[in-house]
Number of protein chains: 2
Amino acid sequence: MNSYVIYLAPAFGIIGLLVMAWKSSWVSKQDAGEANMRELAGHIADGAMAFLKAEWRVLSIFVVITAALLAYSGTVHEVNGRPIHSSWVIAIAFIFGAVFSATAGYIGMKVATKANVRTTQAARSSLKKALEVSFTGGSVMGIGVASLAVLGLGGLFIVFLNFFADLGATVVQTSIEVLTGFSLGAESIALFSRVGGGIYTKAADVGADLVGKVEAGIPEDDVRNPATIADNVGDNVGDVAGMGADLFGSYVATILATMVLGEEIRVSDHFGGLSPILLPMVICGLGLIFSIVATLFVRIKDEKSSVQNALNMGNWASIILTVIASYFVVMWLLPDGSITLRNATFTKMNVFFAIVVGTIVGAIMSFSTEYYTSMGKKPVDSIVQQSLTGHATNIIGGLAVGMKSTVIPILTLAGGIMASYYFAGLYGVAIASAGMMSTTAMQLAIDAFGPIADNAGGIAEMSQLPAEVRLRTDRLDAVGNTTAATGKGFAIASAALTSLALFAAFVGVSMPDNQHIDIYKAPVLAGLFIGGMIPFIFSALCIQAVGRAAMDMVQEVRRQFREIPGIMEYKAQPEYEKCVAISTKASIREMLLPGAIALITPVLIGFIFGPEVLGGTLAGVTVSGVLMGMFQSNAGGAWDNAKKSFESGVEIQGETYFKKSEPHKASVTGDTVGDPFKDTSGPSMNILIKLMSIVSLIIAPYLYGIGH
Amino acid sequence: MNSYVIYLAPAFGIIGLLVMAWKSSWVSKQDAGEANMRELAGHIADGAMAFLKAEWRVLSIFVVITAALLAYSGTVHEVNGRPIHSSWVIAIAFIFGAVFSATAGYIGMKVATKANVRTTQAARSSLKKALEVSFTGGSVMGIGVASLAVLGLGGLFIVFLNFFADLGATVVQTSIEVLTGFSLGAESIALFSRVGGGIYTKAADVGADLVGKVEAGIPEDDVRNPATIADNVGDNVGDVAGMGADLFGSYVATILATMVLGEEIRVSDHFGGLSPILLPMVICGLGLIFSIVATLFVRIKDEKSSVQNALNMGNWASIILTVIASYFVVMWLLPDGSITLRNATFTKMNVFFAIVVGTIVGAIMSFSTEYYTSMGKKPVDSIVQQSLTGHATNIIGGLAVGMKSTVIPILTLAGGIMASYYFAGLYGVAIASAGMMSTTAMQLAIDAFGPIADNAGGIAEMSQLPAEVRLRTDRLDAVGNTTAATGKGFAIASAALTSLALFAAFVGVSMPDNQHIDIYKAPVLAGLFIGGMIPFIFSALCIQAVGRAAMDMVQEVRRQFREIPGIMEYKAQPEYEKCVAISTKASIREMLLPGAIALITPVLIGFIFGPEVLGGTLAGVTVSGVLMGMFQSNAGGAWDNAKKSFESGVEIQGETYFKKSEPHKASVTGDTVGDPFKDTSGPSMNILIKLMSIVSLIIAPYLYGIGH
């Protein structure tokens, strides 16, 4: 065995972390502006840390309990005479996953709360400089997340292979089974971060808008609004920390699912038969390196350059470089001749084709999302037109756009599943997903740059800087809105493919002798129904939580305006920290029930009704979750941009309407409805489906043992 | 063979038709009031007939083409050496199904447009009399639909058994295969009627409200509003004719699915082995008779009596009598000893238990729907509370209620599927559905009474009758709103069970040797995704169609107010017929694409990818359709009643709000968004899932022949 290959992935991870540290210190060295700017940025950073600490306090209880349960389960080595390849070490893997996930969120938050004010300051000189600071901030997050993932998975895999070395034939199987704990830790923290962060940010946003903009008539991000700091904190805890944990979880789950399937493949290669297991790690490691290289392409010349083009350059450079490199890696790692997994037989060339399929699926998903949510395109324009006849028709228009936006992605996804399966069986589906996710570092850099620019604009407004500064940050922010939408399209596509791979892994482990999920059986179909329902109740809980927390926020802001004299005249400072505390408390309280549903449902159904019914449930969650995720994210994105269209004036039936017109008011209603859709419930769907699949995979050996 | 049993169902059907004719003539004999009332009623009746005729003209083309295709397909008796038990006669069955369905709609419409004005006149004397007239009108519809169904199915079955008598062993199989055409005809006309009628009624409703109520400030149903006649026509074409065709289709599909599965059962009984086939027909025939009997219970004493209680009495009487009778019928028809279908073995007692399960599922579904959509209950109240902070929070509240409302029904449904399957295998699931649907005559009578009372109120308003008349019709109408919601819950539950039975029938025919729909296979899972997407695009098309047609209507109404002087002063009559024409044209144009998607998708997927992938698609459509149906219908119902709550004043945070307050305006937005949800896209879902299953069943023998 050429054992050096196994060190490749962690090595890439370490290189990534070094680059991240270097970029992070570069950001820190930038000018943070004057005292009042630094003070505001300090409030935001403090609020964000306060949330993280409060969240960690609650989650640490969850982590300890779950780790204990996992450790106990790891001591069961046999059920009904059937061997179970697990170990108490899975608890350690779980804790690592949770801590790494929290670290990923922490890194992003830390750099984002530094980069925001520095971007504001940079925007005082030029757009070029502002993009440089904000994108570097985003890339610290992206590179950090990807590095932690390959380092964590690759490093632990080496550790476990050595730890279980005396198990003999089952060493690899046991190592990977235990490694699943890492993914469970990552994904469960991701769910809580996404849901908690999503509730936080939208409660603050809606609350700040309803009283500040609508009732008091002061602009967005006005320093007199008591909820404005909470609103800006929200961008960091929801859009940065939440998203970082989310993509960390996705990335890990995708690699892991491919490893689990790869472990089933018996090949004779030059790497001790490990090549199908190592392939996804190496490809993702390369994707990390090429993402770092491609960040060099993200730069503009002057004020007139297109920011979108610069980001696109970086994105495509990373994808193309990684695909080309994948070809050589596949050729080098995998053996010649035919490879067999379950019923499928394929060659290494076919594996490469599956990777290409994944990349194409990801690209089409992004384009489709962009089409349905971009300003100036037909869908958003139809919502603008329907705002003429009032709030109701605006809402109807947005709901219809959201529902329609599922068609192209679903057909693409279905085609992608069929094609990657055709090329390389279930391994093809898994590796397609890994290929799609390999440039996560770049994706996330582009995603995270948006909220940094948004925050920079907020600080500019609150510090009452000249209008040109806000204009520059707004240009960055507008691009950020589009990239946020395409990022969500990408995330849901990869979640669907990853879930399918996890699903396949689950079937292999829980029903090795009779691999079927036959929905023609009534109980399995019943499971499908229950699974399909879960994204509905999950979304309802998230949406309601935002509504409740926003109401609390509204009442607090009203109270401060009433009871603290002089706020309106800039004579007294509002009690920002009270609003921060409301959002923090509400989000942590409200994230528990949805999280519990996601974690407990598979355990209950699996142990009561057996693996096949659980398989039906997982299929139901996946299909319904993907659809609801796209519907909600895209409807929300479209409503948001329909509202933004009014800023530069829109023509409806021959007349031009601007902000504050009646149609604009209708569009604000749509945007407010869309807020929890696109930032709380919608993006949680992809974590929900992956988390339920991972929980199922964790309990799979025991379900096999019980033998329903 | 005691061949008289086979004549039971058609005999019940003929009795039903006689009772219907008698009740219908009773309605005709009632006083229709003064000349102006009769004139208005005449406008409504003419508009309704104009729609029906226009619709029939388009649908007749569809029927002829489809019949030709079916006739051709019936001439194929062998594919790849595999025999196909069909015949060109299936085209005749299809035409019968289509014509019977259209007739069911026609009967309902005819009697409803007579009963409406007579109810108005009756309401001038007493509530008791008004209920009598309106409920009798509804029961003509209910009894007519059920009678046509059992007569059509039972009669054609006898005809086909004789026609194919010389086929020997396959006579029953061929007869039932051909009878599937009857269900296809019924269900496809149902889809077009529901979608077309739903678009019609909501385009007129939204258009009339937006200009009349909001812009011109005249009350609902004001004679000066050019769209008011179209609005009242809409109640008839959507809520009466559309619903009649819908339930006719459901009823037929349910019975047929049970017959198809029953045909597979080999028993030696006293009825030539036909008892499992005849059982659903006989039970539904009995349900019809007991529904007629139970109409006697629907009466009130005086003005203070509860209309809801009277309807509940009738409903429960019919259900309880039918369940008791079912016990004796099951004991009499089915043989002693064990009965076997595919892998399940059961006794006749178990079949009876499955029927009881179906009844319980139906009851829980109705209660749950009522809870989520009734005034004064927590869900509707939460929407009322959230109207305080504006349009957006009202919408968010309604969406959350709709999503939440799926939980209890889905758990009930899943439990019902498991329990009925446990008792009597797939036959149990099918007969549970038949048991639930057996009292369709009563259900539909209760359902159809609502729009009649609604129309009666409209005529009272337009004829400027004393307020007490409108008060009485409003009391009936309010009860009608609740029964409409519960009726929809019932319809979606029966559709889910029926689809499962049809699904099972499809598997049996298309894959007799290898009965699996294994979603663990990638292409089948891809089918599941595509199927899950269809209810989303179908809903989007319906919602957008309503939006577009309503915009046309708004512009026409504005034009009339502008160009016809004297409308506002009652000096000139608006051009009602132009608004009727707009709704008619729009609804017929817009119903085609959604209809085509439902019909063509299964054919394409089946022939390209084979029966197993099609099975995955059907499962996806069913799960997603049931969820979207419940979500949309219940959200719409809840919004509607949240708005109605303001009529008698609601207390929000210590203050009381009435109509025209800001929170009331927000609730009107919710109601308008809910309109297409609850009356167009939502209730179409159950037809969509059944129609796609029936199309699949029709092509199943050919798919088997091709042998993918």
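The values are calculated or read from the model by the stated rules, or taken from the named source; none is laboratory data. Since this is a predicted model, take the numbers as computed values, not measurements. Here the Cβ is made from the backbone with ideal geometry for all residues, glycine too, and neighbour counts use every protein chain on show. These accessible areas exclude ligands, DNA and RNA; they are computed on the full protein's heavy atoms, side chains included. Shrake-Rupley method; radii C 1.70, N 1.55, O 1.52, S 1.80 Å.
Could you grab me the full set of residues in the range B:212-249 that are out of contact with any Cys (no Cβ under 8 Å at 6 or more places or on another chain), surrounded by 24 or more Cβ atoms within 10 Å (Cβ to Cβ) and among the hydrophobic types (A, V, I, L, M, F, W, C)?
Across the range B:212-249, the qualifying residues are B:V233, B:V237, B:V240, B:A241, B:M243, B:A245, B:L247, B:F248.
Quick check: anything in the range B:503-511 in contact with a Phe, Trp or Tyr (Cβ under 9 Å, 6 or more places away or on another chain), more than 9 Å from every other protein chain (Cβ to nearest Cβ) and of a type in the set (S, T, N, Q)?
yes
Take A:L148 and decide whether it is buried (at least 24 other Cβ atoms within 10 Å of the Cβ) and of a type outside the set (S, T, N, Q).
Against the criterion (buried (at least 24 other Cβ atoms within 10 Å of the Cβ) and of a type outside the set (S, T, N, Q)), A:L148 qualifies.
Quick one: which of B:P663, B:P676 is at pLDDT 90 or above, within 14 Å of chain A (Cβ to nearest Cβ) and in contact with a strand residue (DSSP E or B) (Cβ under 7 Å, 6 or more places away or on another chain)?
B:P663
Can you say whether A:G457 is closer than 16 Å to A:T228 by Cβ, open to solvent by less than 10 Å² (accessible area, probe 1.4 Å) and either basic (K, R) or over 20 Å from the mean Cα position of the chain (by Cα) (or both), as far as the supplied structure shows?
In short, yes.
Return the only residue of A:V380, A:V384, A:V361 being closer than 24 Å to A:S291 by Cβ and open to solvent by less than 70 Å² (accessible area, probe 1.4 Å). Steps first, answer last, please.
On the way: A:V380 fails: closer than 24 Å to A:S291 by Cβ; A:V384 fails: closer than 24 Å to A:S291 by Cβ.
The conditions single out A:V361.
Only one of these is facing chain A (nearest Cβ under 10 Å), crowded, with 24+ Cβ neighbours inside 10 Å and under 27 Å from B:I417 (Cα atoms): B:G606, B:G629, B:G620. Name it.
Numbers: B:G606 fails: facing chain A (nearest Cβ under 10 Å); B:G629 fails: facing chain A (nearest Cβ under 10 Å).
Being facing chain A (nearest Cβ under 10 Å), crowded, with 24+ Cβ neighbours inside 10 Å and under 27 Å from B:I417 (Cα atoms) holds for just one of B:G606, B:G629, B:G620, which is B:G620.
Scan the range B:589-622 residue by residue and report those that are free of Cβ contacts under 8 Å to residues at least 40 places away in the same chain and either β-branched (V, I, T) or under 16 Å from B:A504 (Cβ atoms) (or both).
B:I600, B:I608
Residues are listed down the side, and each one gets a yes or a no for (1) within 28 Å of the chain's Cα centre (by Cα); (2) in a helix (DSSP H, G or I); (3) within 20 Å of B:D552 (Cβ to Cβ):
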residue: B:V171; (1), (2), (3): no, yes, no
residue: B:T174; (1), (2), (3): no, yes, no
residue: B:S188; (1), (2), (3): yes, yes, no
residue: B:G197; (1), (2), (3): yes, yes, yes
residue: B:G207; (1), (2), (3): yes, yes, yes
residue: B:D222; (1), (2), (3): no, no, no
residue: B:D231; (1), (2), (3): yes, yes, yes
residue: B:F248; (1), (2), (3): yes, yes, no
residue: B:H270; (1), (2), (3): no, no, no
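Tell me, please, whether a residue that is within 14 Å of chain B (Cβ to nearest Cβ), open to solvent by 10 Å² or more (accessible area, probe 1.4 Å) and within 29 Å of the chain's Cα centre (by Cα) can be found in the range A:462-476.
The initial filter retains those residues of the range A:462-476 that are within 14 Å of chain B (Cβ to nearest Cβ), namely none.
Within the range A:462-476, none of the residues are within 14 Å of chain B (Cβ to nearest Cβ), open to solvent by 10 Å² or more (accessible area, probe 1.4 Å) and within 29 Å of the chain's Cα centre (by Cα).
Kindly provide the set of residues from the range A:284-324 that are under 22 Å from A:N481 (Cβ atoms), in a helix (DSSP H, G or I) and either touching a Pro at 6+ places or on another chain (Cβ under 6 Å) or open to solvent by 10 Å² or more (accessible area, probe 1.4 Å) (or both), ordered by number.
Those that are under 22 Å from A:N481 (Cβ atoms), in a helix (DSSP H, G or I) and either touching a Pro at 6+ places or on another chain (Cβ under 6 Å) or open to solvent by 10 Å² or more (accessible area, probe 1.4 Å) (or both): A:T295, A:F297, A:Q308, A:N309, A:N312, A:M313, A:N315, A:W316, A:I319.
Filter the range B:364-422 for residues that are closer than 30 Å to B:T347 by Cα and among the small types (G, A, S); which is farthest from the other protein chains (Cβ to nearest Cβ)?
Checked the range B:364-422; the qualifying residue farthest from the other protein chains (Cβ to nearest Cβ) is B:S366.
Enumerate the pairs (first residue in the range B:44-62 and touching a residue at least 40 places away in the same chain (Cβ under 8 Å); second residue anywhere and in a helix (DSSP H, G or I) and hydroxyl-bearing (S, T, Y)) with beta-carbon separation below 7 Å, excluding pairs fewer than 6 apart on the same chain, so at least 6 apart or on different chains.
B:I44/B:T113; B:A45/B:T113; B:A48/B:T113; B:A50/B:T584; B:F51/B:Y200; B:F51/B:T584; B:L52/B:Y106; B:A54/B:T584
When only residues in the range A:552-566 that are open to solvent by 10 Å² or more (accessible area, probe 1.4 Å) and in contact (Cβ under 8 Å) with a residue 40 or more places away in the chain count, which is farthest from the other protein chains (Cβ to nearest Cβ)? Walk me through how you get there before you give the answer.
We begin by selecting, within the range A:552-566, every residue open to solvent by 10 Å² or more (accessible area, probe 1.4 Å); these are A:552, A:555-556, A:558-559, A:561-566.
Within this subset, residues satisfying the condition of being in contact (Cβ under 8 Å) with a residue 40 or more places away in the chain are A:552, A:556, A:558, A:561.
Numbers: A:D552: 12, A:E556: 14, A:R558: 11, A:F561: 16 Å.
Residue satisfying both the conditions and the ranking: A:F561.
Kindly evaluate B:A123 against the criterion of being surrounded by 22 or more Cβ atoms within 10 Å (Cβ to Cβ), closer than 22 Å to B:I189 by Cα and not acidic (D, E).
No: the conditions fail for B:A123.
Among the numbered criteria (1) within 13 Å of chain B (Cβ to nearest Cβ); (2) in a helix (DSSP H, G or I), which one does A:H516 miss?
A:H516 satisfies all of (1) within 13 Å of chain B (Cβ to nearest Cβ); (2) in a helix (DSSP H, G or I) except (2).
Considering only the range B:336-346, state which residues are open to solvent by 20 Å² or more (accessible area, probe 1.4 Å) and touching an Asp or Glu at 6+ places or on another chain (Cβ under 8 Å).
B:R342
A quick yes/no check of all residues on (1) within 30 Å of B:V668 (Cα to Cα); (2) in contact with a Gly (Cβ under 7 Å, 6 or more places away or on another chain); (3) at pLDDT below 95:
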| residue | (1), (2), (3) |
| --- | --- |
| B:K585 | yes, no, yes |
| B:A596 | no, no, yes |
| B:V603 | no, no, no |
| B:L618 | no, yes, no |
| B:G625 | yes, no, no |
| B:N634 | yes, yes, yes |
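Within the bounds of the range A:158-179, is there any residue that is buried (at least 21 other Cβ atoms within 10 Å of the Cβ) and at pLDDT below 85?
no
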